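Quick notes on the structure that follows.
The values are calculated or read from the model by the stated rules, or taken from the named source; none is laboratory data. Fair warning: this is a prediction, and the values are worked out from it, not measured in the lab. Cβ: placed from backbone, ideal geometry, glycine included. Neighbour counts: every protein chain shown. In case anyone asks, the SASA skips ligands and DNA or RNA and just uses the protein heavy atoms, side chains included. Shrake-Rupley method; radii C 1.70, N 1.55, O 1.52, S 1.80 Å.
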Amino acid sequence: MTEQQHKRRVRYKGTHPKTYAEKYKEHQPEKYADTIEKVIRKGSTPAGMHLSIMVQEILDILQIQPGQNGLDATLGYGGHTRRMLEQLQGTGHICALDVDPIEIEKTKERLKQAGYGTDRLTIIQENFANIDQIAQVHGPFDFILADLGVSSMQIDNPDRGFSYKIEGPLDLRLNPEKGIPAAERLKELTQEELEGMLVENSDEPYAAQIAAEVTRKLRRREPIETTTQLRETIERALSFLPENQEKKELIKKTCQRTFQALRIDVNSEFEVLEAFLDKLPGALAPSGRVAVLTFHSGEDRMVKKAFKQWKKQGVFCEISDEVIRPSAKECRQNPRARSTKLRWAVKTNEQ
């Protein structure tokens, strides 16, 4: 029998580790709290972590009381869930959903270690489009939170393919066990369909040029299988722009919008959100409160429209008149909070 060789863990190279795997201290926040604090203080998100956004604003809106029953429709790293559990003061219950089979197990263990067992917290791998089915078993809910952003631990992990900044497979699936990766989805789309998707999902001004270049590459059987290959395709599509400092920023923003549009398409995010908003009133208890965090204009328009519709029909008695944004201080501490918009609603107290 051959003796298995012990494989050493990848360590920091020097004092400033660059790759996701090398940042082993950041992956262990309980053990290396001082490192985590330094990273956050610099305005960065530690690898493998997610900094919850607008926590106090959400708690102020939801007005959680001990003994209530709540739903976190998008569990993620569990930061919002934990703070909501604290408001229950050892009573009541929260049900939390997430479609990501990788991160949900990590978060479940993290919250279990923090003392939140199944008597106070039920975690289910489920899409929040099915909120009606969840409510039949675990509802109705006195408060509901839906944070529609992609978690930092998904963005930063190169194996998930969410970021144009780091090399990885062009996947973009929130649940890598279902559906097809973004690289395969690109092969299915016609040039016209791709252009339309870029406009609809991210208001991309260079949609026509990007769609044309992607189509040209695929017709020539040139691969677009990785995040880097898609980024280079976008750069080539914008090669007609004059070379200056503004072009670099333009390419960066175009990459962000293109990856966003493709991620929304791969995960059917607009369809999922529409289903959630349609079923939301039925999942809320009388006088129940809901808060929704959005991260781009398409999502915000859908939430705004749905809340107005439900208020007009007398289902909601109050809705947010204006969108609420994170403070300048929070945006400095967590740059990923900058695009966040928060809206809320309250259901009537009638059965």
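Go through ARG332, ARG336, ARG343 for me and flag whichever is touching a strand residue (DSSP E or B) at 6+ places or on another chain (Cβ under 6 Å) and either among the charged types (D, E, K, R) or under 16 Å from ILE144 (Cα atoms) (or both).
Details: ARG332 fails: touching a strand residue (DSSP E or B) at 6+ places or on another chain (Cβ under 6 Å); ARG336 fails: touching a strand residue (DSSP E or B) at 6+ places or on another chain (Cβ under 6 Å).
Matching residue, one of ARG332, ARG336, ARG343: ARG343.
Within the range 211-249, which residues are in contact with a Leu (Cβ under 6 Å, 6 or more places away or on another chain) and over 13 Å from LYS187 (Cα atoms)?
THR226, THR227, LYS247 - these are the residues of the range 211-249 that are in contact with a Leu (Cβ under 6 Å, 6 or more places away or on another chain) and over 13 Å from LYS187 (Cα atoms).
Can you tell me how many residues in the range 156-169 are out of contact with any Lys or Arg (no Cβ under 9 Å at 6 or more places or on another chain) and either crowded, with 23+ Cβ neighbours inside 10 Å or not in a helix (DSSP H, G or I) (or both)?
4
When you check ASP119 against the structure, is it farther than 19 Å from THR91 by Cα, open to solvent by 50 Å² or more (accessible area, probe 1.4 Å) and not basic (Lys, Arg), yes or no? Walk me through it before giving the result.
Numbers: farther than 19 Å from THR91 by Cα: no; open to solvent by 50 Å² or more (accessible area, probe 1.4 Å): yes; not basic (Lys, Arg): yes.
Spelling it out, it is not the case that ASP119 is farther than 19 Å from THR91 by Cα, open to solvent by 50 Å² or more (accessible area, probe 1.4 Å) and not basic (Lys, Arg).
Within the range 88-110, take every residue that is open to solvent by 40 Å² or more (accessible area, probe 1.4 Å) and of a type in the set (Val, Ile, Thr) and give me the one that is nearest to the chain's Cα centre (by Cα).
Applying the filter and picking the extreme gives ILE102.
A quick yes/no check of all residues on (1) of a type in the set (Gly, Ala, Ser); (2) touching a residue at least 24 places away in the same chain (Cβ under 8 Å); (3) closer than 25 Å to VAL346 by Cβ:
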| residue | (1), (2), (3) |
| --- | --- |
| GLN63 | no, yes, yes |
| GLN68 | no, yes, yes |
| GLY76 | yes, yes, yes |
| ARG83 | no, yes, yes |
| GLU86 | no, no, yes |
| CYS95 | no, yes, yes |
| GLU103 | no, yes, no |
| TYR116 | no, yes, no |
| ILE123 | no, yes, no |
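Restricting the search to the range 282-291, which residues are crowded, with 18+ Cβ neighbours inside 10 Å and not aliphatic (A, V, I, L, M)? Explain how you work it out, then say what you get.
Step one: filter the range 282-291 for residues crowded, with 18+ Cβ neighbours inside 10 Å, giving 283-285, 288-291.
Residues satisfying the conditions are GLY288, ARG289.
Residues checked against (1) free of Cβ contacts under 8 Å to residues at least 40 places away in the same chain; (2) touching a helix residue (DSSP H, G or I) at 6+ places or on another chain (Cβ under 7 Å); (3) aromatic (Phe, Trp, Tyr):
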residue	(1), (2), (3)
GLY288	no, no, no
VAL292	no, yes, no
ALA306	yes, yes, no
CYS317	yes, no, no
GLU322	yes, no, no
ALA328	yes, no, no
ALA337	no, yes, no
LEU342	no, yes, no
GLU350	no, no, no
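Restricting to the range 55-87, count the residues that are open to solvent by 20 Å² or more (accessible area, probe 1.4 Å) and at positive phi.
Residues meeting the conditions: 2.
Please list, ordered by first then second residue, the pairs with beta carbon atoms under 6 Å, 6 or more apart or interchain, first in the range 192-206 and closer than 10 Å to ALA261 by Cα and touching a residue at least 40 places away in the same chain (Cβ under 8 Å), second open to solvent by 10 Å² or more (accessible area, probe 1.4 Å) and not charged (D, E, K, R).
That search, which allows pairs on different chains as well, returns SER202/GLN260.
Just give me the residues in the range 328-351 being open to solvent by 50 Å² or more (accessible area, probe 1.4 Å) and either of a type in the set (Val, Ile, Thr) or assigned to a loop (DSSP other than H, G, I, E, B) (or both), in sequence order.
ARG338, SER339, ASN349, GLU350, GLN351 - these are the residues of the range 328-351 that are open to solvent by 50 Å² or more (accessible area, probe 1.4 Å) and either of a type in the set (Val, Ile, Thr) or assigned to a loop (DSSP other than H, G, I, E, B) (or both).
Taking only pairs six or more apart or across chains, which ones have beta-carbon atoms under 6 Å, a first residue in the range 242-269 that is farther than 17 Å from MET197 by Cα, and a second residue that is surrounded by 13 or more Cβ atoms within 10 Å (Cβ to Cβ)?
From the range 242-269, the pairs are LYS247/LEU241; ILE251/GLU235; ILE251/LEU238.
Just wondering, is there one or more residues in the range 205-215 that are of a type in the set (D, E, K, R) and surrounded by 22 or more Cβ atoms within 10 Å (Cβ to Cβ)?
To start, the set of residues in the range 205-215 that are of a type in the set (D, E, K, R) comprises 213.
Still in the list and also surrounded by 22 or more Cβ atoms within 10 Å (Cβ to Cβ): none.
No; the residues of the range 205-215 include none that is of a type in the set (D, E, K, R) and surrounded by 22 or more Cβ atoms within 10 Å (Cβ to Cβ).
Quick one: which of GLU318, GLU322 is surrounded by fewer than 17 Cβ atoms within 10 Å (Cβ to Cβ), over 17 Å from the mean Cα position of the chain (by Cα) and within 20 Å of LEU71 (Cα to Cα)? Quick ask: steps written out before the conclusion?
On the way: GLU322 fails: within 20 Å of LEU71 (Cα to Cα).
Just a single option satisfies the conditions, and that option is GLU318.
Do we have LEU172 as within 25 Å of GLY78 (Cβ to Cβ) and buried (at least 23 other Cβ atoms within 10 Å of the Cβ) here?
Values: within 25 Å of GLY78 (Cβ to Cβ): yes; buried (at least 23 other Cβ atoms within 10 Å of the Cβ): yes.
Yes; evaluated as a whole, the condition is true for this residue.
Give the number of residues within the range 131-155 that are over 17 Å from the mean Cα position of the chain (by Cα) and either assigned to a strand (DSSP E or B) or free of Cβ contacts under 8 Å to residues at least 12 places away in the same chain (or both). Give the derivation first.
So the first thing to find is which residues in the range 131-155 are over 17 Å from the mean Cα position of the chain (by Cα), and the list is 131-143.
Remaining after also requiring either assigned to a strand (DSSP E or B) or free of Cβ contacts under 8 Å to residues at least 12 places away in the same chain (or both): 133, 136-137, 141-143.
So the count comes out to 6.
Every residue, every condition in (1) open to solvent by less than 10 Å² (accessible area, probe 1.4 Å); (2) in a helix (DSSP H, G or I), yes or no:
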position	(1), (2)
LEU230	yes, yes
THR233	yes, yes
PRO242	no, no
GLN260	no, yes
PHE270	no, yes
ARG301	no, yes
